[in-house]
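K.L.:
Provided herewith is a single structure, encoded as structure tokens, for subsequent inquiry.
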Amino acid sequence: MNLARTKDCAMYPKLSLSDVKLTQLLVRNEALISNSRPILRKVFNQLAVKEKFICLFDKHGYIIDIIAEIDTIQFLFENGMKLGTNLSMKSGGISAVGKVLKSGKMEVVNTVDHSLEALQKWTCIAAPVDSNHDLKGIVSIALKIDERINHCKIVIELISDYVTTLLNRDLKSQPNKLTFFGALILDNRNGLTPREIEVLYKLKLGEPISGLPGKMQLSTNTIKSHMKSIYRKLGVNSLETCLLAVDEIIEKACMI
């Protein structure tokens, strides 16, 4: 059995996103990342284990955040694990994340049980971030020792529940379509057109720019023209700052 495992082990994950697709992935998961990062960093700093790393994954198993010392980040990078790398069973074989994607519950994979060679010195615990029975992402802690596994299983379950609570709170606080359109139409300083506001609304819901032509039945050039106009009117130069500017407008409108 050990011989078979050695034969099947892989050097690198098979799937990794391009820079453009990674940017789109991070934008789509901005709420998950921003709600998770503070608690993940706090757990990382308080966990009394020298060699460790914590990862956040999207609902398909792509890495969207890594909390680790610089040497560990470099080690992961050199072994094909970075932002945009996929650790589903299809890409990375047996891993805690891959098993969570199949089972929908917390999973532990010990050292040599991993399919990826680089993880065969790590014990990994992963748990789903599940909002209203809808998988939003996965959190994972990896350690080079076994003594703290039971403690980490409790910790990661608490992290999962906490992040889920924050996400549910955010979903409840998001403006509905009527509020969104009303706030931006009434904000005369920017002069956004109804079509531009519709573009912004779909982006706010997590639709990537590349998906807008199909969703809105418009040409790619038309979408590019709308985005250029929106950026100019809001005085921004990236999608991230654009959506932050929209949030400020909505927040001010809701306070009136």
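K.L.:
Across the stretch 43-78, what is the total count of residues that are exposed (fewer than 13 other Cβ atoms within 10 Å of the Cβ) and aliphatic (A, V, I, L, M)? Explain how you work it out, then say what you get.
P.N.:
Just the residues of the stretch 43-78 that are exposed (fewer than 13 other Cβ atoms within 10 Å of the Cβ), to begin with: 45-46, 48, 50, 70-71, 74, 78.
Checking the rest, the ones that are also aliphatic (A, V, I, L, M) come to 48, 70.
Count: 2.
K.L.:
Here is a follow-up. Being outside any loop (DSSP other than H, G, I, E, B), surrounded by fewer than 17 Cβ atoms within 10 Å (Cβ to Cβ) and touching a residue at least 40 places away in the same chain (Cβ under 8 Å) is the filter here, so list the residues in the stretch 205-242 that pass it. Full working, then the answer.
P.N.:
Taking the stretch 205-242 first, the residues outside any loop (DSSP other than H, G, I, E, B) are 209-216, 220-234, 239-242.
Checking the rest, the ones that are also surrounded by fewer than 17 Cβ atoms within 10 Å (Cβ to Cβ) come to 210-211, 213-216, 220-222, 224-225, 228-229, 231-233, 240-241.
Scanning the stretch 205-242 gives Ser210, Lys233, Glu240.
K.L.:
Residue by residue through the stretch 75-121, note down the ones that are of a type in the set (Val, Ile, Thr) and part of a helix (DSSP H, G or I).
P.N.:
Residues of the stretch 75-121 of a type in the set (Val, Ile, Thr): 85, 94, 97, 100, 108-109, 111-112.
Within the stretch 75-121, Val97, Val100, Thr111, Val112 qualify.
K.L.:
At pLDDT 95 or above, buried (at least 18 other Cβ atoms within 10 Å of the Cβ) and under 27 Å from Gly206 (Cβ atoms), is that true of Leu40?
P.N.:
Numbers: at pLDDT 95 or above: no; buried (at least 18 other Cβ atoms within 10 Å of the Cβ): yes; under 27 Å from Gly206 (Cβ atoms): yes.
No: the conditions fail for Leu40.
K.L.:
Here is a further query. Being in the same structural domain as Ile145 (by TED's automatic domain parsing), touching a strand residue (DSSP E or B) at 6+ places or on another chain (Cβ under 7 Å), at pLDDT below 90 and over 14 Å from Gly137 (Cα atoms) is true for just one of Val49, Val112, Val108. Which residue is that?
P.N.:
Result: Val49 is the single residue among Val49, Val112, Val108 that is in the same structural domain as Ile145 (by TED's automatic domain parsing), touching a strand residue (DSSP E or B) at 6+ places or on another chain (Cβ under 7 Å), at pLDDT below 90 and over 14 Å from Gly137 (Cα atoms).
K.L.:
Please name all residue pairs, on different chains or six or more residues apart, with Cβ atoms under 7 Å, provided the first residue is in the stretch 46-59 and is farther than 16 Å from Phe77 by Cβ and the second residue is among the acidic types (Asp, Glu).
P.N.:
Filtered contacts from the stretch 46-59: Leu56/Asp65.
K.L.:
Any residue that is under 20 Å from Ile185 (Cβ atoms) and either acidic (Asp, Glu) or touching a Gly at 6+ places or on another chain (Cβ under 8 Å) (or both) - is there at least one of those in the stretch 221-242?
P.N.:
Within the stretch 221-242, one or more residues are under 20 Å from Ile185 (Cβ atoms) and either acidic (Asp, Glu) or touching a Gly at 6+ places or on another chain (Cβ under 8 Å) (or both).
K.L.:
State whether one or more residues within the stretch 91-103 are more than 23 Å from Thr165 (Cα to Cα), of a type in the set (Gly, Ala, Ser) and without any contact (Cβ under 8 Å) to a residue 40 or more places away in the chain.
P.N.:
Yes, the stretch 91-103 has at least one match.
The values are calculated or read from the model by the stated rules, or taken from the named source; none is laboratory data. Computed from a predicted structure; not experimentally measured. Ideal geometry is used to build each Cβ from the backbone, glycine not excepted, and the neighbour counts take in all protein chains shown.
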